[in-house]
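Down below is the structure, laid out as C-alpha cells.
The values are calculated or read from the model by the stated rules, or taken from the named source; none is laboratory data. The structure presented is a predicted model; accordingly, all values stated were derived computationally and were not measured. We place every Cβ from the backbone using ideal geometry, glycine too, and count neighbours over all the protein chains shown.
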C-alpha cells in the first residue's frame, strides 16, 4: 500500500486519467479525477460550466476541487488548467507528490480533437500551441517528478512513474530551468526515453 497522495498534472490529452487509473490499481489505492469532481459539484459538463459561467468561475470551481482533496493515499488526475490555481497547487505541493506527464504537441493535438468540446480552458483567440506555451512552465514549477509520455503505452508510463516513486528509476527533467521550484529534485534523464 502506497502511503502518499500522487497528483498527476499535464496538458489535456497527455493520459492523466488512463495512467492514473493504472497507477491506482497497481498501488491498491483509490483514483480520483478532479474534472469529475467539478462536473458533479456543478451538475454540468466542464465545457458548459465555462460557456455559461465563464472562465473565472470555472477556475474557482477547479481550485475548490483541489482543496477538497485530503492527504490520504490516492492517485489524482487533475484538469490541465489546475496549475492556474496557485493556492490549490501550493496546498497539493505540501501534502502530495506531483507528477508532470509531458507529451509532445503533435500527439496532444491528435488526441484532443476540438479543445472547446473537451472543456479546455482557452483565452480569447488562444490556440493549443498558446495554451501549451503558457502552461508548460507552470507544470515544471509544481512537478516533483517529470515523466515523458511520448509515443509510449500508458502501462509503460505508469511503470516509469512507479519506478521513480519507489526509488528504482529516475525522473526525466533535463532542460528544466533552475529555480522553478523550491523542491529538491533529481536531474538525470532516464535512458531510452522517447
Subset of the stretch 44-85 [without any contact (Cβ under 8 Å) to a residue 40 or more places away in the chain, in a loop (DSSP other than H, G, I, E, B) and surrounded by 14 or more Cβ atoms within 10 Å (Cβ to Cβ)]:
44, 85
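From the list 56, 52, which one is over 22 Å from residue 135 (Cα atoms) and more than 15 Å from the chain's Cα centre (by Cα)?
Numbers: 56 fails: over 22 Å from residue 135 (Cα atoms).
The match here is 52.
Among the residues of the stretch 153-171, which ones are in contact with a helix residue (DSSP H, G or I) (Cβ under 9 Å, 6 or more places away or on another chain) and either modelled with pLDDT of 85 or more or loosely packed, with under 15 Cβ neighbours inside 10 Å (or both)? Before you say what the answer is, go through the steps one by one.
Of the residues in the stretch 153-171, the ones in contact with a helix residue (DSSP H, G or I) (Cβ under 9 Å, 6 or more places away or on another chain) are 154-155, 157-159, 161-162, 165, 168-171.
If the condition is that a residue be in contact with a helix residue (DSSP H, G or I) (Cβ under 9 Å, 6 or more places away or on another chain) and either modelled with pLDDT of 85 or more or loosely packed, with under 15 Cβ neighbours inside 10 Å (or both), then 154, 155, 157, 158, 159, 161, 162, 165, 168 are the ones that fit.
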Taking only the stretch 94-135 into account, find how many residues are modelled with pLDDT of 95 or more, surrounded by fewer than 17 Cβ atoms within 10 Å (Cβ to Cβ) and either assigned to a strand (DSSP E or B) or out of contact with any strand residue (DSSP E or B) (no Cβ under 8 Å at 6 or more places or on another chain) (or both).
1
Residue pairs qualifying under the 8 Å Cβ cut-off, at least six apart or on distinct chains, with the first in the stretch 19-34 being under 21 Å from residue 148 (Cα atoms) and the second being modelled with pLDDT under 95 and not in a helix (DSSP H, G or I), are 19/149; 27/1; 27/2
